[in-house]
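Visitor: I'd like to ask some things about the structure below.
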Amino acid sequence: MNKQKVLFESGNELAAYAARQINYHVMGYYPITPSTQIAELLDQMKADGLHDISMIAAEGEHSAAGICYGASTGGGRVFNATSANGLLYALEQLPVQSGTRFPMVMNVACRTVSGPLSIKGDHSDIMYTLNTGWVILFANTPQAVYDMNICALKIAESVKLPVIVAFDGFFTSHQKRKCFVFEDDKVVQDFLGKYEAEYSALDLEHPVSIGSYMNEPDILNNKFQLHQAMEEARSVIPAVFEKFEELSGRRYREAEGYRTEDAEVLLFLLGSSYHTAKVAVDKLREQGKKVGVFTANILRPFPGEKLYELCKGAETILVGDRQDSYGAGGGNMTLELKAMLQEHGSACRVLSRVYGLGGRDFYESDAEEFFLSCLQPEAPRFDYFGIYPGEVRMKENQYFAPITEKEATPGCTSCAFDEETGRMKVTGGRVNETTAVPKRLAPGHGACPGCGIPVNINLLLRGIEGNVVMLLQTGCGMVVTTSYPKTSFKIPYVHNLFQNGAATLTGLVEMFHQRQKRGEYPEGSITFIMVSGDGGMDIGMGSALGTALRNNRLIIFEYDNGGYMNTGYQLSYSTPKGAKSSTSHLGPKQYGKTFFHKDMPMIMAAANIPYVATVAESNPADFIKKAAKAKAYADEYGTAYVKALSACPLNWNDRPNLERKVISAAVDCCYFPLFEIENGITYINYNPEKSNKKIPVSDWFTMMGRTKHLVGEDYREVTESIQAEIDRRWERLKARAESELL
């Protein structure tokens, strides 16, 4: 055994610790709860100079998987971590990597797959990966997360297959335990040895084509070879576990059990529930009941023989699945265990219970109830555990009276297109007048004090009269307004995930027009608005640009709070350069985010949509008039895009009661200039130079804890580069405004 030290850490922390000791070449990642912590911790370690991993924050999990695949073809070691819908978004890339036989390691902190949206832990995500050709290890303790991360890379490189290390989200991922880690990183690196890739896209002397097009029978042979590699893993995994035992003193097997030798009744549970059930086993054993529990430490290759050795003497087995394979009479583990028992000619009775969905806790008493149900001869073969009785149809409470079109059209603003100027002319729109427009978003929401999201949504809606239907992408704005079974919206509302909001709303818009065209829906108009923020225009940019290029008749409204706030403030492509976040830490080797913020209005303008505008709560009259213009363009001409700078006092680290001043400073330093682009022509709506209000960006930075460090002498060069870029963008904007063509 090699020298080890004791830590009190969670599964996520230990996954990051193992990755640091391995010192991977590249990590491509995207933040998603509950796995995000792994990337956050590695970024902090990188800022402190503790590893050399190149950490690439992608704009979505699909791209993160692509980054990892591309890096793996270069002959180095690659790492990733994800969860839930992030895993599903990347799913297409998983067979690409296994089919071309490039090793890497990906941690999956298992979580509920949406919809409806839930961020709690179950196994509904990991089961989607069973047929992707990846080796899958399942760690049921934080210690196992650390150990399996080290073993996983050795397994991956031995059989030339990528490996997943899965564990329970929010249970194993976040619960701290006393664990042992190797004191010397070299022990880990010597155990793994040097990786010599057989093929590399960087080998110029022996160029290879990776991922060639294949016809039958070549593709058949390719998949057979992948099968052979997975079968090889059956012998490689125990060999690696054995070597690791010599190194650490900790023993792992493909499957393990507790008091299974003479058990008549057994539970099969994955993950942390296995340890909960062991407590129940001891209690029931004291009552003379012959019970036990067993689990699998690997899901692929499925350890059927090892599991059979543990359960072959049982009369009844209850399989607890934290997911359901709908319509199959059980979750995936139930189906696989039944198939294994049938193969061995077993007459054992198998019961299936779907439990623990959405992170529902599993207690010792629940395990006891599982055991006791096995003693009942008439117990149902399949059932859900923990559901509560409800009505056939839940009583619907309408908390708000519906807003009529008449109420929503008080005549505060009106728009007409001026053919001579080529612009939309707004009449009215004064702030005091628009208080007559009813609030579509009620005060009953859970946003933080000072949050700019409800402020900006309500300001936008002040300028939009008539019927409105809204879609919110995942983000703080969605989470704080629609906690089941209540809603803050007084108008029709739809939610879809970050990456697909604009496309989803496009479908609804076209359905509206089609039904009107066919006489199935009353005459009249509806303004359709998609609200995005919290990084949603990073992962959702492709969908938004597709909508813009089609020029669908809707409004895309982005509240830009400069980060992935709802997952704990990771860097977004709209985060200011130099700003600190949980994935752009400060330290001796890092100064915060390393690249400039994305200019989304100009990106959208390049799609040639009829209207693009920036707005700020510090200039409410300008905001309301632009909202009215956006409605007019969206109703008649196509896509309108409006972007607001939206305060987040919790993560900007400033004072909630001063947010309007902070936003005003961002406008005055020209970090966030106020302008609009109508039919391709640019107009500056507020020029701080002309009113002698222009300030350096450092004045704005001093108002927020996330950027305050940039004002010091240590980061002078960074601040100067930011000021130069802001000045460059401002000068280009002025040049566009002065041009008759731009």
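Visitor: To the nearest 10 degrees, how steep is helix 61-72 against the longest Cα principal axis of the chain, on a 0 to 90 scale?
Guide: So the helix axis and the longest Cα principal axis differ by about 60 degrees.
Visitor: List the lysines whose Cα sits under 26 Å from the Cα of Lys439, skipping any in the same chain fewer than 8 residues away.
Guide: Result set, ordered by chain and number: Lys395, Lys406, Lys425, Lys486, Lys490, Lys625, Lys626, Lys629, Lys631, Lys643, Lys661.
Visitor: Moving to a separate point now. If I fit a long axis through the Cα atoms of helix 620-636 and take the longest principal axis of the Cα atoms of the chain, what angle between them do I get, 0 to 90°, rounded to 10?
Guide: 80 degrees
Visitor: Still on this structure, please answer the following. How far is the Cα center of the stretch 27-77 from the Cα center of the stretch 167-217, in Å?
Guide: 13 Å
Visitor: With a ≥ b ≥ c taken as the square roots of the eigenvalues of the C-alpha gyration tensor of the stretch 486-533, please select rounded if a/c is under 1.5 and otherwise prolate if a/b is larger than b/c or oblate if it is not?
Guide: oblate
Visitor: In percent, how large is the relative contact order of the chain, given Cα pairs closer than 8 Å and 6 or more residues apart?
Guide: RCO, the chain: 10 percent.
Visitor: Now a separate question. Over the alpha-carbon set of the chain, divide Rg by the Kirkwood Rh and report the Rg/Rh ratio to two decimals.
Guide: Ratio of gyration radius to Kirkwood radius for the chain: 1.01.
Visitor: Could you calculate the FRET efficiency of Lys194 with Leu220 from 1/(1 + (r/R0)^6), where r is the beta carbon distance between them and R0 is 56 Å, rounded to 0.05?
Guide: 0.95
Visitor: What's the angle, to the nearest 10 degrees (0 to 90), between helix 659-668's Cα axis and the longest principal axis of the chain?
Guide: Long axis of 659-668 versus the principal axis of the chain: about 70 degrees.
Visitor: Give a quick list of trypsin sites (Lys or Arg not before Pro) in the stretch 567-613 that DSSP marks as loop, anything other than H, G, I, E or B, with at most 15 other Cβ atoms within 10 Å.
Guide: Passing sites in the stretch 567-613 are Lys589.
Visitor: Cut-off under 19 Å on the C-alpha distance; same-chain residues fewer than 8 positions from Lys46 excluded. Which lysines are left, in chain and number order?
Guide: Partners found: Lys186, Lys577, Lys580, Lys589, Lys593.
Visitor: At 1.567 mPa s and 4 °C, plugging the Kirkwood radius over alpha-carbon pairs of the stretch 311-464 into Stokes-Einstein gives what diffusion coefficient in µm²/s?
Guide: Working: Rh = 21.8 Å.
Translational diffusion coefficient: 59 µm²/s.
Visitor: Something else now. I need the shape label for the stretch 255-384. Rule: rounded when a/c is under 1.5, else prolate if a/b > b/c, else oblate, with a, b, c from the alpha carbon gyration tensor.
Guide: Rounded, because the longest to shortest axis ratio a/c is under 1.5.
Visitor: Starting from the stretch 1-66, pick out the trypsin sites (Lys or Arg not before Pro) whose DSSP state is loop and whose Cβ has at most 14 other Cβ atoms within 10 Å.
Guide: In loop regions of the stretch 1-66 (DSSP not H, G, I, E or B), the sparsely surrounded trypsin sites (Lys or Arg not before Pro) are Lys3.
Visitor: Over all directions, the average projected area of the alpha-carbon convex hull for the stretch 424-689 comes to how many nm²?
Guide: 14.6 nm²
Visitor: Under the rule a/c < 1.5 gives rounded, and otherwise a/b versus b/c splits prolate from oblate, where does the stretch 191-246 land using the Cα gyration tensor?
Guide: Note, shape of the stretch 191-246 comes out oblate.
Visitor: What number, rounded to the nearest 500 deg cm²/dmol, is the helix-based mean residue ellipticity at 222 nm of the chain, given -39500 (n - 2.57) per DSSP H run of at least four residues and division by all its residues?
Guide: The helix-only estimate for the chain comes to -11000 deg cm²/dmol at 222 nm.
Throughout, read-outs are computed from the coordinates displayed, never taken from laboratory work. In this text, all values refer to a predicted model and were calculated from it rather than measured experimentally. A quick note on method: Cβ atoms are made from the backbone with ideal geometry, for glycine too, and the neighbour counts reach across all protein chains shown.
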